[in-house]
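Read-outs throughout are calculated quantities, based only on the coordinates presented, and are distinct from any laboratory measurement. These numbers were taken from a predicted model, which means no experiment stands behind them.
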Amino acid sequence: MRMRIVHLTPFHGFAAEAGAGTLIEIASRIGVPLSTTHVISSTIMGVGVSKKFSAVRWGVAGNIIVAWILTLPGCALMGYGFVKLAHLLVD
């Protein structure tokens with residue numbers, strides 16, 4: 001992922017992983033559900049922007065962001081569909 005969004009050195013990769021790990025740990029301790037994939041993608045983009053805004057390949061990052069936006073309603077619709085299917089099979 002680091003090569004598709006932005007080219008990172010080991011130093012920048014460490015910063016991204018440390019930031020993601022910290023955020024995931026804090027969220028877990030306070031009971032906030034989150035996607036680890038979303039978190040690491042965000043930290044990689046953040047580290048890339050800290051180098052230079054144009055260092056991030058925004059076409060790839062844009063596709064990831066669109067996928068994030070579609071994930072929640074897509075999962076909700078699939079959950080609804082599975083519950084309805086289960087009711088049809090049980091009843």
Rounded to the nearest 10 degrees, the helix 58-90 long axis (Cα) sits at an angle to the longest Cα principal axis of the chain of 20 degrees
GNM of the chain, Cα pairs under 10 angstrom: of VAL32, VAL47, VAL60, the biggest fluctuation goes to VAL32
In degrees, nearest 10, the alpha-carbon axis of helix 36-51 is tilted away from the dominant principal axis of the alpha carbons of the chain by 20 degrees
Diffing segment 9-25: the Karplus 3J(HN,Hα) column from phi (6.51, -1.76, 1.60, θ = phi - 60°), in whole Hz with x for Gly and Pro, holds 7, x, 4, 5, x, 4, 4, 5, 5, 5, x, 5, x, 5, 4, 5, 5
In the list [x] 17.4, 58; [y] 13.2, 41; [z] 12.7, 34, the entry giving Rg and Dmax of the Cα atoms in Å computed from the coordinates is [x]
